[in-house]
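Please read the structure below before turning to the comments.
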Amino acid sequence: MYDIIIIGGGIIGCATARELSRYDFNILLVERGTDIACGATKANSGILHAGYDCHPGTLKAALNVQGAAMYPDLCKELDIPYHINGSMVIGTNEKDFSRLQALYKQGLENGVKDMELLSREEVLALEPNLTGHVTAALRAKTAGVISPYEAGIAFGENAAQNGVEFLLETEVIRVETDAGRGYIVHTAGGRCAPLCGKVIINAAGIESANIHNHISSHKEAIIPQRGQYFLLDNTQKDLVKHTIFPLPSHLGKGSLIVPTVDGNILLGPTAEEPESPTATGTTAEGLKNALDKVSILLKSVPIYDCITAYAGIRAKHKDKDFVIEEVAPGFINAMGIDSPGLSAAPAIAARIVEIVTSRLQPNLNHNFKAQRIGKKSFRDLSQTEQAALIKENPAYGRVVCRCETITEAEIIDAIHRPLGARNLDAIKRRTRAQMGRCQGGFCKLRLVELLSQELGIPPAAVTMDGPGSELMPIQL
């Protein structure tokens, strides 16, 4: 019997687990993937939105602004890299100015600070690579960028350090009430025995409506929406400084130009209906659509410096707002967490914690540790600091990933951290090995050797997605 079972190990589930670990709870997080932060959390734009484009009075509007304001302190506590670079919404004809003014007023109503309307000349002075068709822009100085999967992993690691139990590769197939005690969670894979919890937090992303429908007569539905992206090499890191948006439409914020915290540039996403809720493959048509849309904003798109393309699925609710509510005693939904879900994640977690603590009235966890020491980034150190690290641990002197200058010591640390990497994709998210211009062509075999060595498994058991999975096994 657990006090709390969280279903879903994305950034919402992990942020909620971390906040709940401040209290004397027995908490289990169940995730069907082979790792945390491996669903929508790993494949989104990584933007900390300012909050001007959310309709006033919605949960999205309130929690976006609140959550974004929480990140600076959280990033210090949890050692998460982020950057406040500001954003611009670009108008490309004279009629767009009135729409930019409306966004500005909406931002003021939502409590967004440090916004300004810029003329064509002011925009091009700040972003000279934008098209000459620019007429004006709304600039929000408080917008930023963050690595979404690094943030999710940081929340999860800190939650684990504070006693939260994680059960991976375990799919929830049914939830039922357990009269007077809470809920029984039936699973497939992982631990097959039913799990019992006084409180259930449904943060299952694309599957959240299915989980909800097990216990409620009011049936819900999630609308999957696929977004496809190009990722440019870090040789294009100076293409833009701000995050660049077109004017938003009913489909969303449109195809963007996003400088990432790691020095790459993202182009996209699209907004399309996928063939299935798990169809995360790219298509020629979708990528052409993304490219056509960003071409409207840039003088020239350096697509020759594209190093990969990928897609993610976001979970939209029919009411176009977040759904965060207790729908049955002790059963709490966090559904429809699409954009700006990353920005709002800390505030969503805080709201869920309010609901839980009002029901269970717990004691504080006096052993709670707020600080997390993040990974050491060898490539960002001075030569003197690098030499000192190598003297202390010679594995820092052996570079495994040449594109990103990731060392053997960093790989080993990623494997042995709390919730450590167990497969190649997990290594990628924690270290950036395989994320450079060769996309793992140089380092993959050495990574297989290190995973085999550190986990005590045969090299043939190392996969892209997880030991024992049938997805993309590595052939040696």
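The values are calculated or read from the model by the stated rules, or taken from the named source; none is laboratory data. Everything quoted here is computed from the prediction, not taken from an experiment. Please note: Cβ atoms are built from the backbone with ideal geometry, for glycine as well, and neighbour counts cover all protein chains shown. For accessibility, only protein heavy atoms count, side chains too; no ligands or nucleic acids. Shrake-Rupley method; radii C 1.70, N 1.55, O 1.52, S 1.80 Å.
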Model label zone, GLU354; criterion: amide N under 19 Å from point 7 Å along Cα-to-beta-carbon; scope the range 316-330: 321-330
- prompt: When ligands, DNA and RNA are left out and all protein chains stay put, how many square angstrom of accessible area per residue does the chain have with a 1.4 Å probe?
  reply: 43 Å²
- prompt: Which translational diffusion coefficient, to the nearest whole µm²/s, is obtained for the range 21-84 from the Stokes-Einstein equation, given a Kirkwood hydrodynamic radius over C-alpha pairs, 37 °C and 0.692 mPa s?
  reply: 225 µm²/s
message: Keeping all protein chains in place and using 1.4 angstrom, which order do LYS320, LYS428, LYS198 fall into by accessible surface area, from largest down?
response: LYS320, LYS198, LYS428
- prompt: Where Lys and Arg each count +1 and Asp and Glu each count -1, what net charge lies around SER119 among other residues with Cβ under 15 Å from its Cβ?
  reply: -4
Shape category assigned to the range 55-122 from the gyration tensor of Cα positions, a/c cut at 1.5: oblate
field: Residue-wise HN-Hα coupling along the range 206-213, computed from phi with Karplus coefficients 6.51, -1.76, 1.60 (Hz; x: Gly, Pro)
entry: 5, 9, 5, 5, 4, 5, 4, 5
field: Computed over the range 334-476, the ratio Rg/Rh where both radii use C-alpha atoms and Rh is Kirkwood
entry: 1.08
Cα-based Rg of the range 1-155 normalised by 2.2 N^0.38 Å, two decimals: 1.26
task: Tell me what the chain gives for mean residue ellipticity at 222 nm when only DSSP H runs of n ≥ 4 count, each as -39,500 (n - 2.57), the sum divided by the residue total, rounded to 500 deg cm²/dmol.
output: -9500 deg cm²/dmol
message: Using the Kirkwood radius over C-alpha pairs as Rh, can you work out the diffusion coefficient of the chain via Stokes-Einstein at 20 °C, viscosity 1.002 mPa s, in µm² per second?
response: 93 µm²/s
statement: Expressed in nanometres to one decimal, the distance between label points 7 Å along Cα→Cβ at ARG402 and ASP238 is 2.5 nm
task: Give me the Debye-computed log₁₀ of I(q)/I(0) at q = 0.11, 0.28, 0.29 Å⁻¹ for the range 387-452, equal point scatterers on Cα only, no solvent, two decimals.
output: -0.22, -1.24, -1.30
task: Work out, step by step, the length gained on full extension between ALA221 and ALA188: first 0.36 nm times the residue separation, then minus their alpha carbon distance; give nm to one decimal.
output: 9.6 nm
message: Within the chain, what whole-number % of the accessible surface is contributed by carbon and sulfur, with the 1.4 Å probe and all protein chains included in the calculation?
response: 51 percent
message: Which three extents, in angstrom, do the Cα atoms of the range 152-255 have along their principal axes, listed largest first?
response: 58, 37, 22
field: For ASP35, distant residues with modelled amide H under 5 Å away
entry: GLU169
statement: The pairs in LYS141/LYS444; LYS76/LYS293; LYS105/LYS293 lying past 30 Å Cα-Cα in this model are LYS141/LYS444; LYS76/LYS293
query: Given 0.36 nm per residue, what is the gain on full extension from GLU176 to THR308 after removing their alpha carbon distance, in nm?
result: 43.2 nm
